[in-house]
Amino acid sequence: MAKSDIKRSHNLAMGLRMAYWAMHRRTDESLSKRRVTANQFVLLALLMEEDGIMQQDLVLRASSDPSTIRAMLVLLENKGLIVRNQHTRDGRALSVTLTQKGRRAYKQMWADTQSVRRRLLTVLEPKEIILLGGLLARINESMLSPKMLKSSPSKKKG
């Protein structure tokens, strides 16, 4: 790889990292009064999209690892926001479901984080948002390991 390519790839990686952490910190600030982190909010959002999914599917959809997801789910369960039960078709797996309290809390958190989403929309034009979404999906897929790529939610649906 040429020196200029190394520099460009490094700048791209650092730019993505900085943007992610800036958004992450802003989201954490918005959620601090609810004592929920941005990462926990992501899990609740995923459950709002598809409730009752297996814990291992949350790992994939959240782009995380099993230990981290399990720890966050324990915290959310202790707060009464989710419940985990044996999966109906796979007795070895756990199914994760939002409680009514969890649904109400998520709606409040969604409102609390509106300023973060609004800020994203103010810096990009609608066409840029679509373009960036596609570019980020390509980057994500290029970084997945073969094992992760095989079980990726986008690959299952597509």
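Read-outs throughout are calculated quantities, based only on the coordinates presented, and are distinct from any laboratory measurement. In this text the structure is predicted, and so the values were computed from the model without any measurement. When we count neighbours, we look across all protein chains shown, and the Cβ atoms used for this are built from the backbone with ideal geometry, even at glycine.
The table below gives the values:
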| quantity | calculated |
| --- | --- |
| Tilt relative to the chain, helix 66-78 - C-alpha long axis, 0 to 90 degrees, to 10 | 50 |
| Förster radius 35 Å - calculated FRET efficiency between GLU77 and ASN11 (Cβ-Cβ, nearest 0.05) | 0.30 |
| Most mobile listed residue (ILE53, ILE69, ILE130) in the chain, GNM with C-alpha springs under 10 Å | ILE130 |
| Dipole moment magnitude, nearest 20 debye, the chain about Cα centre, only Lys, Arg, Asp, Glu C-beta charged | 120 |
| Stretch gain in nm, segment ASP51-GLN114, where the contour uses 0.36 nm per residue and the Cα spacing is subtracted | 20.5 nm |
| Folded to 0 to 90 degrees: helix 100-112 orientation relative to the chain principal axis, Cα | 30 |
| Mean Cβ count within 10 Å, highest first, over the residues of peptides 76-86, 1-11, 54-64 | 54-64, 76-86, 1-11 |
| Inverse of mean 1/r across different Cα pairs in the chain, Kirkwood, Å | 17.6 |
| Candidates LEU131, LEU12, LEU73, ranked by Gaussian network fluctuation over the chain, Cα under 10 Å, top entry | LEU12 |
| Calculated FRET value between ASP90 and ASN140, using beta carbons and R₀ = 35 Å, to 0.05 | 0.85 |
| The chain, relative contact order [Cα under 8 Å, separation at least 6], % | 21 |
| Amide H contacts under 5 Å for ILE82, placed H, 5+ residues apart | GLU77, THR99 |
| Choice from ALA22, ALA13, ALA93 showing the highest fluctuation, given a GNM over the chain with Cα pairs closer than 10 Å | ALA13 |
| Within the chain, helix-based [θ] at 222 nm, where runs of 4 or more DSSP H residues each add -39,500 (n - 2.57), nearest 500 | -22500 deg cm²/dmol |
